[in-house]
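See structure below.
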Amino acid sequence: MAFYDLSKEERSALVRQMEAVIEKAVQTSQLQSLLLYAADEDTYIRKNAYQALGKIYPAQPAAVLQAITTLVQHPEAKVRQTAINAAGEIGRHDFSAVRAYMDQGLTDAHHSVRNAVIGSVKKMGEKNPVPVLAWAKGYLQHPDKEIRREICHGIELRGRTHPQDILPLLKTLQFDKTARVRNTLVHVLGQIAYKKGCLETVTADLKTWENTELVKAALDEIADVHERYKDFAVKTQEEAIAYMAKHFGDI
């Protein structure tokens with residue numbers, strides 16, 4: 001039975017049971033039960049497993065990191081994915097402890113593990129931006145185009161509330177020759193421009209960019225986002241277009 005097939009009370013009881021089992025597994029270094037949770041077909045079972053590791057970490061950091069080290073070397077991709085997500089929970093407060101796992105995950109052969117890095121960078125960057133963004137900056141000129149794209153995507157969440165923190169990093173990608181990277185860059189620029197005060201910050205920064213073709217694509221995306229997210233955007237699409245036109249001319 002899947003996690004969300006259970007009642008609310010049954011789910012709460014299962015989470016408590018999982019946390020107790022995982023804590024014992026970590027304490028004793030007998031990780032068979034943790035491995036079963038980490039490899040489970042149900043996304044929410046795996047999520048509860050990595051969140052449990054994050055909760056246990058403050059009291060038992062060395063044991064939890066040893067467990068993650070074991071998981072991240074496992075041949076099953078779901079287990080490695082769970083390991084990276086667990087590291088992401090820890091990295092929201094202690095990035096230095098999990099930096100090596102993020103480095104490893106970026107080059108994993110399986111897309112789900114690399115995607116876990118993106119998700120982890122999003123949640124770490126939102127809560128612990130200084131070390132996470134400093135780490136991310138080092139990958140934006142990486143020779144592997146997929147790594148550049150993944151890092152660009154990963155820093156997006158911090159930019160939704162603090163676009164000024166990531167705009168200098170995004171700017172380094174404006175002449176990237178890979179279409180997938182450019183498309184992700186345009187997407188991220190759209191995503192960081194619709195909340196309060198963000199359009200003004202993004203617009204001012206884009207005026208300093210040299211790639212006018214990419215800036216035009218970004219302005220079009222920003223306008224589209226204001227329509228797609230009209231229930232959440234501070235400005236209407238018409239107001240956003242008028243504001244950008246005031247600074248860039250006709251869009």
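The values are calculated or read from the model by the stated rules, or taken from the named source; none is laboratory data. Owing to the predicted nature of the structure, the values given are computational and were not obtained by experimental measurement. Positions of Cβ are backbone-derived with ideal geometry, glycine not excepted, and every protein chain shown enters the neighbour counts. Accessible surface is based on the protein model in full, side chains and every heavy atom, while ligands, DNA and RNA are left aside. Shrake-Rupley method; radii C 1.70, N 1.55, O 1.52, S 1.80 Å.
Structure data summary
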read-out: Checking Pro58 against (1) assigned to a helix (DSSP H, G or I); (2) more than 16 Å from Ser120 (Cβ to Cβ); (3) not aliphatic (A, V, I, L, M), the condition it does not meet; value: (1)
read-out: Residue selected from segment 198-226 under the condition within 23 Å of the chain's Cα centre (by Cα) and aliphatic (A, V, I, L, M), by the criterion surrounded by the most Cβ atoms within 10 Å (Cβ to Cβ); value: Ile222
read-out: Test: Val79 is open to solvent by less than 20 Å² (accessible area, probe 1.4 Å) and farther than 28 Å from Cys152 by Cβ; value: no
read-out: Answer from Lys137, Lys122 - the residue that is modelled with pLDDT of 95 or more, open to solvent by 30 Å² or more (accessible area, probe 1.4 Å), of a type in the set (Lys, Arg) and closer than 25 Å to Thr203 by Cβ; value: Lys137
read-out: Some residue of segment 96-112 being open to solvent by less than 80 Å² (accessible area, probe 1.4 Å), in a helix (DSSP H, G or I), charged (D, E, K, R) and under 22 Å from Asn128 (Cβ atoms); value: yes
read-out: Matching residues in segment 160-197 - criterion: being among the basic types (Lys, Arg), exposed (fewer than 14 other Cβ atoms within 10 Å of the Cβ) and more than 17 Å from His142 (Cβ to Cβ); value: Lys196
read-out: Within segment 227-244, considering residues that are hydrophobic (A, V, I, L, M, F, W, C), in a helix (DSSP H, G or I) and touching a helix residue (DSSP H, G or I) at 6+ places or on another chain (Cβ under 8 Å), the one most open to solvent (accessible area, probe 1.4 Å); value: Ile241
read-out: Inter-residue pairs, beta-carbon under 9 Å, first in contact (Cβ under 8 Å) with a residue 24 or more places away in the chain and in segment 16-45, second surrounded by fewer than 13 Cβ atoms within 10 Å (Cβ to Cβ) and part of a helix (DSSP H, G or I), 6+ apart; value: Ala25/Gln32; Asp42/Tyr4; Tyr44/Tyr4
read-out: Residues located in segment 82-95, provided they are closer than 14 Å to Tyr50 by Cα and open to solvent by less than 30 Å² (accessible area, probe 1.4 Å); value: Thr82, Ala83, Ile84, Asn85, Ala86, Ala87, Gly88, Ile90, Gly91
read-out: Filtered residues of segment 1-36 (kept if among the polar types (S, T, N, Q) and assigned to a helix (DSSP H, G or I)); value: Ser12, Gln17, Gln27, Thr28, Gln32, Ser33
read-out: Test for Ala49: is it within 18 Å of the chain's Cα centre (by Cα), at pLDDT 95 or above and either open to solvent by less than 50 Å² (accessible area, probe 1.4 Å) or within 26 Å of Gly125 (Cβ to Cβ) (or both); value: no
read-out: Considering residues of segment 1-36 that are at pLDDT below 95, open to solvent by less than 40 Å² (accessible area, probe 1.4 Å) and within 26 Å of the chain's Cα centre (by Cα) only, the residue farthest from Ala63 (Cα to Cα); value: Phe3
